[in-house]
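The values are calculated or read from the model by the stated rules, or taken from the named source; none is laboratory data. Everything numeric here is computed off the predicted structure, so don't read it as measured data. Glycine gets a Cβ as well: all are built from the backbone with ideal geometry, and neighbour counts include every protein chain shown.
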Amino acid sequence: MPLTRRTFLAGALLGGSALFQRNTAASAGPKVEGWTPAYLKLEREGRLVQRVSQARAILEHCQLCPRRCGVNRLSGARGFCRAPAPAVVFAAHPHFGEEMPLVGDHGSGTIFFSHCNLRCVFCQNWPISHEGRGTPASDEQVADMMLDLQRAGCHNINLVTPTHVMPSILGATRIAVAKGLRIPLVYNTSGYERLEMLRILDGIVDIYLPDIKYMDARQAAKYSAGAADYPEVATQAVLEMHRQVGQLQLDRRGIARRGLMIRHLVMPNRVAGTEQLARWVAGALPKATYLNIMAQYRVEYQAYEHPEIARGITREEFLEAMEWARWHGLTNIDPHAARLRDFYRRRRE
Ligand code: SF4
């Protein structure tokens, strides 16, 4: 089963020592013939620099995410996410626990950013996301991480929890492009994104990897720090992501080049609204939209204080979730999820 942002912590702790170590001995990464990353076209057209400036200016009155705190992060103020203006990075290393189109043979080049704008009570990375553990990194240092991951052979740069550090990511990308970055950016987000900010990323990000966590405003508010607008915000954000990059495209090796990959974590007692999610995807997007229905919910952080989510999901809850996807005609379910479904079915028989 794929590890995700939620299950990244254990792997990141193992690999965290790689942070800031230059991988000068690494060989060049695999080439994707006949393909150009989106950001390279934008840079060649002279438009990437404008996006960097546009994004950085937002930090003066931070409205990067739907919390819209309005604080001046450039002068040191911090908003709901508690993040400073420069990026804070917990770890950067090849990651082999993501979805197979991202992992391939050489791993997904993950950069795990500290702090978070959503801050769920069940967060499995709470020391990083809630407490902000990590090391401040300049745009130049983040660019070096990107290039090291490319030299290590990673198939992409997987930006985990990027929303609140988007200006740093764009600045780093431009520096890295000048030094030879040529693999796609994966925007690995909770889905709590403003459309205006996503439009700045149009033509820069090739692969969007959003969660859709809830379809019910009350659940979102209860378990994600008052974010009652999450279902509306996240679904609109996913539509914008799809408008930009379309359905998932793979190269001849099965590696993701471009497109939308949606994640949805099944939660106990139908808290995540999986049936509504499957219905929404089937009605709003092509039925072949890539969807990873994930079974790895576990009780973490403050989830113990909420009886409704203070247990793992049952086999029947996962099978029910997968059945809803089938019922609504979704045809591109993550293969790991499909194999787990088949395994559980055999165990039940
Ligand atoms: S990124 Fe942080 S400071 Fe900016 S609006 Fe969101 S929560 Fe507030």
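Points to keep in mind about this one:
- Test: residue in region 60-67 that is charged (D, E, K, R) and more than 10 Å from the ligand (Cβ to nearest atom): yes
- Looking only at region 202-244, residues that are out of contact with any His (no Cβ under 9 Å at 6 or more places or on another chain), in contact (Cβ under 8 Å) with a residue 60 or more places away in the chain and not hydroxyl-bearing (Ser, Thr, Tyr) come to 12 in all.
- From the list Gly134, Gly153, the lone residue that is in contact with a His (Cβ under 9 Å, 6 or more places away or on another chain) and within 16 Å of the ligand (Cβ to nearest atom) is Gly134.
- A single entry from Ala26, Ala18, Ala55, Ala10 fulfils the requirement of being of a type in the set (A, V, I, L, M, F, W, C), modelled with pLDDT under 95 and either in contact with a Lys or Arg (Cβ under 7 Å, 6 or more places away or on another chain) or within 16 Å of the ligand (Cβ to nearest atom) (or both): Ala26.
- Extreme residue, nearest to the chain's Cα centre (by Cα), among residues of region 122-150 that are free of Cβ contacts under 8 Å to residues at least 40 places away in the same chain and surrounded by fewer than 19 Cβ atoms within 10 Å (Cβ to Cβ): Glu131
- Count of residues meeting criterion [within 12 Å of the ligand (Cβ to nearest atom) and either at positive phi or of a type in the set (A, V, I, L, M) (or both)] in region 88-117: 1
- Cβ-Cβ under 6 Å pairs, at least 6 apart or on other chains, region 156-176 side under 25 Å from Gly79 (Cα atoms), far side modelled with pLDDT under 95: Val160/Arg5
- Residue that is nearest to Glu349 (Cα to Cα) [pool: residues in region 282-310 that are part of a helix (DSSP H, G or I) and small (Gly, Ala, Ser)]: Ala282
- Top-ranked residue in region 311-349 [being part of a loop (DSSP other than H, G, I, E, B) and of a type in the set (A, V, I, L, M, F, W, C); ranked as farthest from Arg298 (Cα to Cα)]: Leu330
- Condition met for Ala220 (assigned to a helix (DSSP H, G or I) and within 15 Å of the chain's Cα centre (by Cα)): no
- Here Met267 meets each of (1) buried (at least 18 other Cβ atoms within 10 Å of the Cβ); (2) within 17 Å of Thr331 (Cα to Cα) with one exception, condition (2).
- Residue list for region 150-169, filter: among the polar types (S, T, N, Q) and closer than 21 Å to Ile255 by Cβ: Gln150, Asn156, Asn158
- Whichever residue in region 162-193 is polar (S, T, N, Q) and closer than 22 Å to Glu60 by Cβ and, among such residues, is nearest to the ligand (Cβ to nearest atom): Thr163
- Which listed residue, of Ala77, Ala83, is assigned to a loop (DSSP other than H, G, I, E, B), more than 17 Å from the chain's Cα centre (by Cα) and buried (at least 24 other Cβ atoms within 10 Å of the Cβ): Ala83
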